[in-house]
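First the structure, in the form of C-alpha coordinates, and then the observations on it.
The values are calculated or read from the model by the stated rules, or taken from the named source; none is laboratory data. Keep in mind the model is a prediction, meaning the values are calculated, not measured. Don't worry about glycine lacking a Cβ; one is built from the backbone with ideal geometry, like all the others, and counts go over all protein chains shown. Remember, those area values only see protein heavy atoms, side chains included, never the ligands or the DNA or RNA. Shrake-Rupley method; radii C 1.70, N 1.55, O 1.52, S 1.80 Å.
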Amino acid sequence: MEQDLDSRARTLHDWFCRSTGQQVPLRMPMLTAWIDWLLAGHNGPEMALVIRYLRREIAAGRRNPGSVALRHLLDIETFEKDLGLAQMHKAGGFDPEKRLTAPPDSTTVAAPVTGPIEPPATVIQHHPPDHAARAARIAELEELKRSME
(Lines give C-alpha, C1' and ligand atoms only; values in the text may rest on other atoms or scores of the structure.)
Protein backbone atom coordinates (compact mmCIF):
# COMPACT_ATOMS: atom_id res chain seq x y z
CA MET A 1 0.00 0.00 0.00
CA GLU A 2 2.76 2.45 0.98
CA GLN A 3 4.74 1.63 -2.17
CA ASP A 4 1.58 2.02 -4.24
CA LEU A 5 0.93 5.49 -2.79
CA ASP A 6 4.55 6.48 -3.37
CA SER A 7 4.39 5.29 -6.97
CA ARG A 8 1.04 7.01 -7.61
CA ALA A 9 2.33 10.25 -6.07
CA ARG A 10 5.45 10.21 -8.25
CA THR A 11 3.44 9.45 -11.38
CA LEU A 12 0.95 12.23 -10.63
CA HIS A 13 3.76 14.66 -9.93
CA ASP A 14 5.40 13.89 -13.29
CA TRP A 15 2.02 14.28 -15.04
CA PHE A 16 1.38 17.59 -13.27
CA CYS A 17 4.76 19.02 -14.29
CA ARG A 18 4.33 17.91 -17.94
CA SER A 19 0.73 19.14 -18.12
CA THR A 20 1.23 22.55 -16.56
CA GLY A 21 4.77 23.33 -17.62
CA GLN A 22 5.70 23.88 -13.99
CA GLN A 23 9.00 22.35 -12.95
CA VAL A 24 8.50 21.58 -9.27
CA PRO A 25 11.21 19.44 -7.67
CA LEU A 26 9.83 16.34 -5.99
CA ARG A 27 11.45 16.66 -2.58
CA MET A 28 10.23 14.79 0.47
CA PRO A 29 7.77 17.50 1.69
CA MET A 30 6.16 17.62 -1.76
CA LEU A 31 6.01 13.82 -1.98
CA THR A 32 4.39 13.74 1.47
CA ALA A 33 1.85 16.36 0.37
CA TRP A 34 0.97 14.22 -2.66
CA ILE A 35 0.56 11.12 -0.49
CA ASP A 36 -1.62 13.02 2.00
CA TRP A 37 -3.72 14.28 -0.91
CA LEU A 38 -4.13 10.71 -2.20
CA LEU A 39 -4.96 9.43 1.28
CA ALA A 40 -7.72 12.05 1.44
CA GLY A 41 -9.35 10.13 -1.42
CA HIS A 42 -8.42 12.31 -4.37
CA ASN A 43 -7.18 11.23 -7.79
CA GLY A 44 -5.75 12.42 -11.09
CA PRO A 45 -9.06 13.02 -12.91
CA GLU A 46 -10.18 15.29 -10.07
CA MET A 47 -6.90 17.20 -10.28
CA ALA A 48 -7.34 17.60 -14.05
CA LEU A 49 -10.92 18.85 -13.56
CA VAL A 50 -9.78 21.44 -11.01
CA ILE A 51 -6.88 22.60 -13.17
CA ARG A 52 -9.16 23.06 -16.20
CA TYR A 53 -11.67 24.96 -14.06
CA LEU A 54 -8.98 27.19 -12.55
CA ARG A 55 -7.47 27.94 -15.97
CA ARG A 56 -10.89 29.11 -17.21
CA GLU A 57 -11.32 31.25 -14.10
CA ILE A 58 -7.82 32.73 -14.52
CA ALA A 59 -8.51 33.51 -18.19
CA ALA A 60 -11.75 35.27 -17.17
CA GLY A 61 -9.84 37.33 -14.60
CA ARG A 62 -11.69 35.84 -11.61
CA ARG A 63 -8.76 33.92 -10.14
CA ASN A 64 -5.11 34.57 -9.52
CA PRO A 65 -2.58 32.57 -11.60
CA GLY A 66 -1.10 31.35 -8.31
CA SER A 67 -4.21 29.23 -7.79
CA VAL A 68 -2.68 26.54 -10.05
CA ALA A 69 0.54 26.39 -8.03
CA LEU A 70 1.11 22.83 -6.90
CA ARG A 71 1.41 23.69 -3.20
CA HIS A 72 -1.98 25.44 -3.44
CA LEU A 73 -3.57 22.50 -5.23
CA LEU A 74 -2.25 19.96 -2.73
CA ASP A 75 -3.71 21.89 0.21
CA ILE A 76 -6.61 19.51 0.84
CA GLU A 77 -9.10 22.06 2.16
CA THR A 78 -8.46 24.47 -0.71
CA PHE A 79 -8.49 21.67 -3.27
CA GLU A 80 -11.82 20.34 -2.03
CA LYS A 81 -13.35 23.82 -2.22
CA ASP A 82 -12.09 24.24 -5.79
CA LEU A 83 -13.19 20.70 -6.67
CA GLY A 84 -16.72 21.47 -5.49
CA LEU A 85 -16.81 24.63 -7.61
CA ALA A 86 -15.40 22.79 -10.63
CA GLN A 87 -17.99 20.02 -10.28
CA MET A 88 -20.83 22.55 -9.97
CA HIS A 89 -19.52 24.41 -13.02
CA LYS A 90 -19.22 21.18 -15.02
CA ALA A 91 -22.77 20.14 -14.08
CA GLY A 92 -24.11 23.55 -15.10
CA GLY A 93 -25.30 24.28 -11.58
CA PHE A 94 -22.95 27.19 -10.99
CA ASP A 95 -24.75 30.49 -11.44
CA PRO A 96 -23.20 33.33 -9.43
CA GLU A 97 -26.19 35.55 -10.24
CA LYS A 98 -28.75 33.11 -8.86
CA ARG A 99 -30.71 34.59 -5.98
CA LEU A 100 -30.64 32.82 -2.66
CA THR A 101 -33.86 31.56 -1.18
CA ALA A 102 -34.73 32.51 2.39
CA PRO A 103 -32.86 30.40 4.94
CA PRO A 104 -34.94 27.97 7.02
CA ASP A 105 -34.68 30.10 10.15
CA SER A 106 -35.58 33.37 8.43
CA THR A 107 -38.84 33.67 10.41
CA THR A 108 -36.85 34.12 13.61
CA VAL A 109 -34.85 37.08 12.37
CA ALA A 110 -35.21 40.02 14.72
CA ALA A 111 -36.68 43.27 13.45
CA PRO A 112 -34.13 45.95 12.66
CA VAL A 113 -33.29 48.32 15.49
CA THR A 114 -34.60 51.80 14.78
CA GLY A 115 -34.04 53.69 18.03
CA PRO A 116 -30.96 54.33 20.12
CA ILE A 117 -29.24 51.27 21.52
CA GLU A 118 -28.91 51.20 25.29
CA PRO A 119 -25.81 49.57 26.72
CA PRO A 120 -26.48 46.43 28.77
CA ALA A 121 -26.55 46.69 32.52
CA THR A 122 -23.26 45.91 34.17
CA VAL A 123 -23.24 42.33 35.37
CA ILE A 124 -19.84 42.35 37.03
CA GLN A 125 -20.02 43.34 40.67
CA HIS A 126 -16.98 44.94 42.22
CA HIS A 127 -16.20 43.93 45.78
CA PRO A 128 -13.84 45.84 48.01
CA PRO A 129 -10.66 43.88 48.70
CA ASP A 130 -10.69 41.74 51.83
CA HIS A 131 -7.37 42.70 53.39
CA ALA A 132 -7.72 40.33 56.33
CA ALA A 133 -8.31 37.30 54.07
CA ARG A 134 -5.37 38.32 51.87
CA ALA A 135 -3.09 38.62 54.90
CA ALA A 136 -4.19 35.19 56.12
CA ARG A 137 -3.40 33.60 52.71
CA ILE A 138 0.04 35.23 52.67
CA ALA A 139 0.73 33.92 56.17
CA GLU A 140 -0.30 30.40 55.08
CA LEU A 141 2.05 30.58 52.07
CA GLU A 142 4.94 31.81 54.22
CA GLU A 143 4.34 28.97 56.70
CA LEU A 144 4.27 26.45 53.84
CA LYS A 145 7.52 27.90 52.46
CA ARG A 146 9.23 27.58 55.88
CA SER A 147 8.07 23.99 56.24
CA MET A 148 9.59 23.09 52.87
CA GLU A 149 13.04 24.48 53.66
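Charge tally for ASP14 (other residues, Cβ to Cβ under 14 Å; Lys, Arg +1; Asp, Glu -1): +2. Between LEU49 and GLU77, the modelled label-to-label distance comes to 2.2 nm, taking each label 7 Å out from Cα in the direction of the beta carbon.
Using a 10 Å cut-off on Cβ atoms, rank the peptides 80-88, 50-58 from the highest mean neighbour count down.
On the way: 80-88: 16.1, 50-58: 17.7.
Peptide ranking by packing, descending: 50-58, 80-88.
MET148 contributes an accessible area of around 150 Å² to the protein surface, as traced by a 1.4 Å probe with all chains present. If you take all other residues with their beta carbon under 14 Å from the beta carbon of ASP82, and give Lys and Arg +1 and Asp and Glu -1, the sum is +3.
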